[in-house]
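Novice: Please find one structure pasted underneath; my questions will follow.
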Amino acid sequence: MPSSAPASAARPSTTLAELLIAVLLPSLVLMLLSSAERLGNVGALLLALAFPLGWALYSGLRERRFSWMAALGVVSTLLTGGIALLALDTRWLAIKEAAVPGAIAIAILLSLLGKKPLVRLMVFNPSIMNVPRIEAALAERGATQAFERRLKLGTVMLAGSFAFSSVMNYVLAVWLVHSPAGSEQFNTELGRMNLLSWPMIAIPSMLLTMGVLFYLARGIRQMTGLTLEDCLNPQ
């Protein structure tokens, strides 16, 4: 199923729809419809996987832009299906659950080696922030280097939120999924893991990410002397 990882801010209606389609419905299908008298192991699994895949396709077409995060979610979902259909050892599920957010954490840290840490792209989004005005205010106050250091620390903090997700994903998979892949019990355990991943992993991870963004936004306000309204582009 989709890997639990911090997500960008979204409208409440969109978040609720994603929670319903990509988490709740697949989990219920796996837990309630996997018996031989209903859809069977394979049928329930394919239907459960169709929900997050369909949501990712719908979101991509609606927003008309490519999203690396959505693409990783699709890859994660396909890998879960492959592990189940090929009846691989369940340890591969735990490794897969940890690998996706773990790879993101490593990519974020590697961005520190370049001139623009990944967090800069999140904070200094020209479609939202008045970047020239913020940079001019930082330069005027001699705070450019101090803010760059804050951005680097924010990047490490953001990588930490994904590292937290990676570790917790692994722990949750090892804790909950024990039955052989391809069995009805495996589907039930997978559905339970998917359902519990939101309160135990996704929500804490999102709160950590929001904390990073608040830390950086507070730094912008303190170092530039600008209000939030001054930092935002006119709508």
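Novice: Top mean-square fluctuation among G154, G219, G73, Gaussian network model of the chain, C-alpha springs under 10 Å?
Specialist: Largest GNM mean-square fluctuation: G219.
Novice: Kindly give Rg over Rh for segment 184-235, based on alpha-carbon atoms, with the Kirkwood expression for the hydrodynamic radius.
Specialist: Here Rg/Rh amounts to 1.37.
Novice: Follow-up question, since we're still on this one. With a 1.4 Å probe and all protein chains left in place, how much of the accessible area of the chain comes from carbon and sulfur atoms, in whole percent?
Specialist: 68 percent
Novice: So which lysines can K152 reach, going by Cα to Cα under 24 Å and dropping same-chain residues fewer than 8 places off?
Specialist: K115, K116
Novice: Can you list the residues of segment 185-214 with backbone N under 15 Å from a point 7 Å past the Cα of L24, pointing along Cα to Cβ?
Specialist: 195-199
Novice: Follow-up. Evaluate 2.2 N^0.38 Å with N set to the residue count of segment 99-235, then give the Cα radius of gyration divided by it.
Specialist: Numbers: Rg = 19.4 Å, N = 137, 2.2 N^0.38 = 14.3 Å.
Normalised Cα radius of gyration, segment 99-235: 1.36.
Novice: I want to check the label-to-label distance for L112 and R62. Put each point 7 Å from Cα in the C-beta direction and report it in nm to one decimal.
Specialist: That separation, rounded to one decimal, is 3.6 nm.
Novice: Quick one: if the Förster radius is 25 Å, what FRET efficiency do R192 and R38 give, using the C-beta to C-beta distance and rounding to 0.05?
Specialist: Once the sixth-power term is evaluated, E becomes 0.90.
Novice: Please build a GNM for the chain, connecting alpha carbons under 10 Å apart, and tell me which residue among A143, A159, A50 fluctuates the most.
Specialist: A143
Novice: Also, I was wondering about something else. Run through segment 97-183 and list the trypsin sites (Lys or Arg not before Pro) located in a DSSP loop whose Cβ has at most 14 other Cβ atoms within 10 Å.
Specialist: K115, R141
Novice: Now a separate question. Cα atoms only: what Rg and Dmax, in Å, come out for segment 133-179?
Specialist: Calculated on Cα positions, Rg and Dmax stand at 19.1, 62 Å.
Novice: Among rounded, prolate and oblate, which fits the chain when a ≥ b ≥ c are the square roots of the eigenvalues of its C-alpha gyration tensor, a/c under 1.5 means rounded, and a/b larger than b/c means prolate?
Specialist: Taking the square roots of the gyration eigenvalues as a ≥ b ≥ c, the chain is prolate.
Novice: Still on this structure: At 7 Å along Cα-to-Cβ for each site, give me the label-to-label distance between D230 and L121 in nm.
Specialist: The two pseudo-label positions are separated by 3.0 nm.
Novice: May I ask you to give the solvent-accessible area per residue for the chain, in square angstrom, as obtained with a 1.4 angstrom probe? Provide the component values of the computation, followed by the final result.
Specialist: Working: 12800 Å² over 235 residues.
Here the residues of the chain average 54 Å² of exposed surface.
Novice: Within a Cβ distance under 13 Å of L30, other residues only, what is the Lys/Arg minus Asp/Glu net charge?
Specialist: Net local charge, L30 excluded: 0.
Novice: I would also like to ask the following. Cα axis of helix 40-63 to longest principal axis of the chain: angle in degrees, 0 to 90, nearest 10?
Specialist: Relative to the chain, helix 40-63 is tipped by roughly 20 degrees.
The values are calculated or read from the model by the stated rules, or taken from the named source; none is laboratory data. Fair warning: this is a prediction, and the values are worked out from it, not measured in the lab. Every residue, glycine as well, gets a Cβ built from its backbone with ideal geometry; the counts of neighbours run over all protein chains shown. These area figures cover heavy atoms from the full protein model, side chains too; ligands, DNA and RNA do not enter into them. Shrake-Rupley method; radii C 1.70, N 1.55, O 1.52, S 1.80 Å.
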